[in-house]
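All of the numbers you see were taken from the coordinates with simple rules; none came from a lab. As the structure is a computational prediction, the values presented were derived from the model and not from experiment. Note that each Cβ is placed from the backbone with ideal geometry, even for glycine, and that neighbours are counted across all protein chains shown.
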Amino acid sequence: MRVVSGTLKGRQLRTLGGDHTRPTTDKVREAVFSSLGAISGAVWLDLFAGSGAVGIEALSRGAKYCFFADNSRQACAIIQKNLASLEIGKEKARLYRVDAEKACALIASANREAVDIAYLDPPYGNEALYARVTSSLQPLLAPGGLIIIEHKRGWLPTVSFGEHLKTKAYGLSAVSYFRKGRSE
């Protein structure tokens, strides 16, 4: 797996082996970032980060900062190796080895700057997990912040505090975009 574009374009990323993760493909990452346009200066959150490829792509394309979170020890070790090999330091990234809900609470309480874009790629099929995690995003997202959720095609997650903007399908996966701020 490689960084698709930006200052780190073409750089190799390590990934977890086995069937325990489903890395976001280069095609999906390229499509997501193409649909976003410029993200310079954005604060990014990569939940269920796996290898960290999505957050690293965001940094490569101009994001100011990225929070990475994954509860897997192996995934966090891979993310740390990827950040180190790309010379991405603490001034640009922070890694949390906790579950997504706890990561959101920690980020919301410890940081003065709101998250502009949150990318979630939870295990497919656990609809209750999607609902819990999206709810935990509300306090840390900037007004008008984006939530991008990768999920199984044929099912649409909901975000109680967000407006659904669009969904794009890629094979068996889909990516849905929501904007914070829908009146409750």
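Provide LEU86, LEU140 in ascending order of the number of other Cβ atoms located within 10 Å of each residue's Cβ, fewest first. Present the calculation step by step, with values, prior to reporting the outcome.
Working: LEU86 20, LEU140 23.
Listing LEU86, LEU140 from fewest to most nearby Cβ atoms yields LEU86, LEU140.
The per residue volume of the convex hull around the alpha-carbon atoms of the range 105-184 is 87 Å³.
For the range 27-180, lysine pairs separated by 8 or more sequence positions, or belonging to different chains, with Cα-Cα distances below 14 Å total 6. Along the axis of the charge dipole computed for the chain (Cβ charges of +1 for Lys and Arg, -1 for Asp and Glu, origin at the Cα centre), the listed residues ALA75, GLY181, PRO157 are led at the positive end by ALA75.
Taking the DSSP beta bridges with both ends in the chain, the antiparallel portion is around 45 percent. Taking the square roots of five times each eigenvalue of the Cα gyration tensor of the chain, the equivalent ellipsoid has semi-axes of 22, 18, 17 Å, listed largest first. Dipole magnitude for the range 27-180: computed about the Cα centre from +1 point charges on Lys and Arg Cβ and -1 point charges on Asp and Glu Cβ, it is near 80 debye.
Basic side chains Lys and Arg get +1 at the Cβ, acidic Asp and Glu get -1 at the Cβ, and with that the dipole of the range 1-114 about its Cα centre reaches some 260 debye.
Going by C-beta contacts inside 10 Å, put TYR130, TYR170 in order with the fewest on the left.
Ascending Cβ contact count within 10 Å gives the list TYR170, TYR130.
When THR7, THR167 are arranged by Cβ crowding within 10 Å, least crowded first, meaning fewest neighbours, the order is THR7, THR167. Choose one answer from LEU13, LEU165, LEU146: the residue with the largest mean-square fluctuation in a GNM of the chain with alpha-carbon springs under 10 Å. Most flexible of the set in this elastic network: LEU165.
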